[in-house]
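Visitor: Before I ask anything, let me first share the structure, which is written out below as structure tokens.
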Amino acid sequence: MANFDVQVNAFMAKIIAKNPGELEFHQAVKEVTESLMPFLEENPKYKHAKILERIAEPERVIMFRVPWLDDNGDIQINRGFRIEMNSAIGPYKGGLRFHPTVNLGVLKFLAFEQVFKNSLTTLPMGGGKGGSDFDPKGKSDNEVMRFCQSFMTELARHIGPDTDVPAGDIGVGGREIGYMFGQYKRLRNEFTGVLTGKGIEWGGSLIRPEATGYGSVYFAEEMLKTKGDSIKGKICVVSGSGNVAQFTVEKINQLGGKVVTISDSDGMIYDANGIDAEKLAYVMELKNIKRGRIKEYAAKFGAEYYEGKTPWGIKCDLAFPSATQNELNESDAKTLVANGCIAVSEGANMPSTPEAVEVFLNAKILYGLGKAANAGGVSTSGLEMTQNSMRLPWSREEVDQRLHEIMINIHKTCEKYGKDKSGYINYVKGANIGGFIKVADAMIAQGLV
Ligand code: NDP
């Protein structure tokens, strides 16, 4: 084992030297490297082909200026990015994030994760990610539209339905996808599946908005099944109150669980009576239309509100981190385990710090990492691409069934590569090795790419 530690550290020293200051990227690469080192030793063809070194280097990084006019007529300048990480198994695919914390390192971590995640889905999608440090909060619809149009004016030359197909992520929902799609269409004079997460009337797929949250709950259900258990009757904590969190709550409710928390970047609410369908409808209206703060929920339904707090201190059976990266640290993980939490399913990307992951693995609880548990979103984006190519929409039931099957298959892959002699499934190892093999084999087959 120590031997592998030395190899991991030597590899990481090169990554850190080459990508200085990109902390989240270092974190994501290290996690994968730790899982892969023993596997590479047993499979030297990947080592000789330097797949790990190649896979950690983006195929292409695009950075650009995004100038736009605010409502006062003042000029604003943001920075736009698209990381085209790996196209070995299909066109680059991955979301766009608009958030003030966006920088090169954050997007490289997300693009890197996306390569493995997309491979796990079994659909033909490479990995990419993009976005901007633009903050949609507090901006008028017109300002968001002008920003999206300017952003797409540059991005359009780099993407296309067979090249790179972006989607939504934090700060990019149906509204932003609409403005960007409209601008792409004007520039190219083409109605094509260049973005996913489109509105249902103009090429979108049913179940795409629901997919990441639903998928994360389907994955939790698969993990629980390995213990002869289910979601029914379980107390659940969910973080975030955006797209992923909303549909995580919806699916948990449908399967008979009870969700007692949601949050936003200001704080969290604790509702011991559970966030039922009616309260969830209020949250959707509050967050998607009024664009308000989650503390308004507490006033409306008499729930408790904790400013600046995350949900991990609340006693629960299941936890669904669904807000952002590194939102759950070692001490949170210890609290969850001590409070009897038996499973964690990550709707967000890399929400648990490496120290928190170690706590979950040492406690041998069911730990479904983001690149497996939240792959339902990109899977359904893949299904949207298929429907766009066929120009034939599928029914809600058909898409949901395919999504469910994909999540079951991702779970099987994790089990295949992650189960140890004691029967414990290390989903981190399983997802990293399972996701790696297909991309690595394709890269070898395609020569020095
Ligand atoms: P949304 O923008 O719809 O919602 C994000 C939620 O997380 C909001 O409640 C937001 O609060 C909160 N949040 C964002 N940043 C922070 C922060 N720095 N600290 C605390 N809370 C924060 O995004 P999504 O629901 O789409 O994405 C959530 C997570 O899921 C992300 O990690 C994303 O990468 C991941 N994901 C999303 C997919 C998708 O299909 N949308 C697919 C796979 C993964 P506030 O409103 O205050 O900003």
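Visitor: What distance in nm lies between label points placed 7 Å from Cα along the C-beta direction at GLU53 and ASP276?
Guide: 6.1
Visitor: For an R0 of 51 angstrom, estimate the FRET efficiency from the Cβ-Cβ distance between ALA338 and THR192 and round to the nearest 0.05.
Guide: The calculated FRET efficiency here is 0.45.
Visitor: All other residues with a Cβ under 12 Å from the Cβ of LEU328 taken together, and with Lys, Arg as +1 and Asp, Glu as -1, what is their net charge?
Guide: -4
Visitor: Given a 1.4 Å probe, how much area per residue of segment 60-189 is accessible, in Å²?
Guide: Accessible area per residue: 36 Å².
Visitor: Further question: With each pseudo-label sitting 7 Å past Cα toward Cβ, what's the GLU285-THR101 distance in nm, one decimal?
Guide: 3.0
Visitor: Among the listed pairs LYS185/LYS300; LYS18/LYS412; LYS251/LYS295, which are separated by more than 32 Å between their Cα atoms?
Guide: From LYS185/LYS300; LYS18/LYS412; LYS251/LYS295, over 32 Å: LYS185/LYS300; LYS18/LYS412.
Visitor: Ignoring ligands, DNA and RNA, what percent of the 1.4 Å accessible area of segment 2-55 is carbon and sulfur?
Guide: Ligands and nucleic acids excluded, carbon and sulfur give 58 percent.
Visitor: Let me know the shape class of segment 290-440, please: from the alpha-carbon gyration tensor, a ≥ b ≥ c as square roots of the eigenvalues, rounded when a/c is under 1.5, otherwise prolate if a/b is greater than b/c, or oblate.
Guide: oblate
Visitor: Could you derive backbone 3J(HN,Hα) for segment 158-168 from the dihedral phi with the Karplus parameters 6.51, -1.76 and 1.60 (θ = phi - 60°), listing whole Hz in sequence and x where the residue is Gly or Pro?
Guide: Running phi through 6.51 cos²θ - 1.76 cosθ + 1.60 with θ = phi - 60° gives 9, 10, x, x, 10, 10, 7, 10, x, 9, x Hz.
Visitor: Which of rounded, prolate or oblate describes the chain when judged by the alpha-carbon gyration tensor and an a/c cut-off of 1.5?
Guide: Verdict is rounded for the chain.
Visitor: With a 1.4 Å probe and all protein chains left in place, how much accessible area per residue does segment 274-426 have, in Å²?
Guide: 45
Visitor: Leaving out ligands, DNA and RNA, and with a 1.4 Å probe, what % of the accessible surface on segment 371-430 is carbon or sulfur?
Guide: C and S atoms contribute 50 percent here.
Visitor: When DSSP beta bridges are limited to those with both residues in the chain, what percentage is antiparallel, rounded to the nearest 5?
Guide: Taking every DSSP beta bridge within the chain, about 60 percent pair in antiparallel fashion.
Visitor: Find out how many positive minus negative residues lie around LYS117, taking Lys and Arg as positive, Asp and Glu as negative, among other residues whose Cβ is under 14 Å from that of LYS117.
Guide: 0
Visitor: Is segment 400-440 rounded, prolate or oblate when judged by the Cα gyration tensor, a ≥ b ≥ c being the square roots of its eigenvalues, rounded requiring a/c under 1.5 and prolate requiring a/b larger than b/c?
Guide: Taking the square roots of the gyration eigenvalues as a ≥ b ≥ c, segment 400-440 is oblate.
Visitor: Suppose the chain between ASN72 and ARG293 were pulled fully straight at 0.36 nm per residue; how much longer would it get relative to their current alpha carbon spacing?
Guide: 77.1 nm
Visitor: Now, a different point. In whole Hz, with x marking every Gly and Pro, tabulate ³J(HN,Hα) for segment 151-156 from phi via Karplus 6.51 cos²θ - 1.76 cosθ + 1.60, θ = phi - 60°.
Guide: Taking θ as phi minus 60°, the curve returns 4, 6, 4, 8, 4, 3 Hz for segment 151-156.
Visitor: Ignoring ligands, DNA and RNA, what percent of the accessible area of segment 78-156 is carbon or sulfur (1.4 Å)?
Guide: 48
Visitor: Determine the relative contact order of the chain: mean sequence separation of Cα pairs under 8 Å and six or more apart, normalised by residue count, in whole percent.
Guide: Relative contact order here is 15 percent.
Visitor: Provide the per residue accessible area, probe 1.4 Å, for segment 2-55, rounded to a whole number of square angstrom.
Guide: 53
Visitor: Out of residues 5 or more away from LYS419 or on other chains, whose amide H comes under 5 Å of its own, with H placed 1.01 Å from N in the peptide plane?
Guide: For LYS419, whose amide H was placed from the backbone, the distant partners under 5 Å are ASN426.
Visitor: Return the calculated 222 nm mean residue ellipticity for the chain, to the nearest 500 deg cm²/dmol, obtained by summing -39500 (n - 2.57) across DSSP H runs with n ≥ 4 and dividing by the residue count.
Guide: -15500 deg cm²/dmol
Visitor: Right, something else. Using a Förster distance of 25 angstrom, determine the FRET efficiency expected from the C-beta separation of GLU397 and ASP162, and round it to 0.05.
Guide: Using R0 = 25 Å, I get an efficiency of 0.30.
Visitor: Using the structure shown, select from LYS108/LYS198; LYS364/LYS429; LYS47/LYS117; LYS14/LYS47 the pairs with a Cα to Cα distance greater than 18 angstrom.
Guide: LYS108/LYS198; LYS47/LYS117
Visitor: If amide hydrogens are placed 1.01 Å from N in the peptide plane, which non-local residues have theirs closer than 5 Å to the one on CYS316?
Guide: CYS341
Visitor: For segment 48-125 and segment 206-236, what is the separation of their C-alpha centers, rounded to whole Å?
Guide: Centre-to-centre (Cα) distance: 28 Å.
Visitor: Still on this structure: Of ALA10, ALA28, HIS48, whose Cα points farthest to the positive end of the dipole of segment 2-55 (charges on the beta-carbon: +1 Lys, Arg; -1 Asp, Glu; origin at the Cα centre)?
Guide: Looking along the dipole axis, the top candidate is HIS48.
Visitor: For segment 58-66, in order, what is each residue's ³J(HN,Hα) by Karplus, 6.51 cos²θ - 1.76 cosθ + 1.60 with θ = phi - 60°, in whole Hz (x at glycine and Pro)?
Guide: Along segment 58-66, the couplings run x, 5, 7, 10, 10, 10, 8, 7, 10 Hz.
Visitor: Dipole size in debye (nearest 20) for the chain around its Cα centre, Lys and Arg Cβ +1, Asp and Glu Cβ -1?
Guide: Computed about the Cα centre, the dipole is about 640 debye.
The values are calculated or read from the model by the stated rules, or taken from the named source; none is laboratory data. Note that this is a predicted model, so its numbers are computed, not measured. Virtual Cβ from ideal backbone geometry, glycine too; neighbours counted across all protein chains shown. Each accessible area value is taken on the protein alone, full model and side chains, heavy atoms only, with ligands, DNA and RNA left out. Shrake-Rupley method; radii C 1.70, N 1.55, O 1.52, S 1.80 Å.
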